[in-house]
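Undergrad: Structure below; questions to follow.
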Amino acid sequence: QQEGTLALKAIKLSDKFMKIYRKGDFSIDKLREGGVKWDGIFVEMPVSVHNPAMATALMTEMEPNAPASQDDFDRLDLSSAPFLEKNLEFLAECLDDMYMEQQKWQMYERNVSRQKQNQLIWLDKRRQENASRRANGEEP
């Protein structure tokens, strides 16, 4: 039986760092003023890993050194549990729907970004036209 060690570490940006970052004026001087040192940028978060009860039950039921038998494979056969098969089908359909909605959202965000950019270009052009009219002594 082989056993290993699982080493996981989760980190996040500290609240002090995020407060300075959100203000928009992000520099080393602002970090010093805010009291953020190099070791205070990240905060380690606790990590908890556990197996679902069904996976734990399956692992304890199977002998670690015994070769896989037909019974072991029969447990994985979906035809013996039609409700599980149906639930997996529903889950796959929901994932497809979620993917389609995600695509729609990304398209919407691209369109909004493009529209904002066009609006800024139009405003800039309009300002330039008004400035040139003022320079010529005309009404803007």
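Undergrad: Kindly provide the set of residues from the range 19-60 that are touching a strand residue (DSSP E or B) at 6+ places or on another chain (Cβ under 9 Å) and surrounded by 10 or more Cβ atoms within 10 Å (Cβ to Cβ), ordered by number.
TA: Within the range 19-60, Tyr21, Ile41, Phe42, Val43, Val47 qualify.
Undergrad: Can you find a residue that is surrounded by 10 or more Cβ atoms within 10 Å (Cβ to Cβ), out of contact with any Phe, Trp or Tyr (no Cβ under 9 Å at 6 or more places or on another chain) and more than 30 Å from Pro140 (Cα to Cα) anywhere in the range 113-120?
TA: First pass over the range 113-120, keeping only residues surrounded by 10 or more Cβ atoms within 10 Å (Cβ to Cβ): 113-120.
From the residues that got through so far, the ones that are out of contact with any Phe, Trp or Tyr (no Cβ under 9 Å at 6 or more places or on another chain) too are 113-120.
Right, trim to more than 30 Å from Pro140 (Cα to Cα) and you get none.
No, the range 113-120 contains no residue that is surrounded by 10 or more Cβ atoms within 10 Å (Cβ to Cβ), out of contact with any Phe, Trp or Tyr (no Cβ under 9 Å at 6 or more places or on another chain) and more than 30 Å from Pro140 (Cα to Cα).
Values quoted throughout were computed directly from the atomic coordinates according to the rules given, and no laboratory measurement underlies them. Keep in mind that what you see is a predicted model, and the values were worked out from it rather than measured. Cβ: placed from backbone, ideal geometry, glycine included. Neighbour counts: every protein chain shown.
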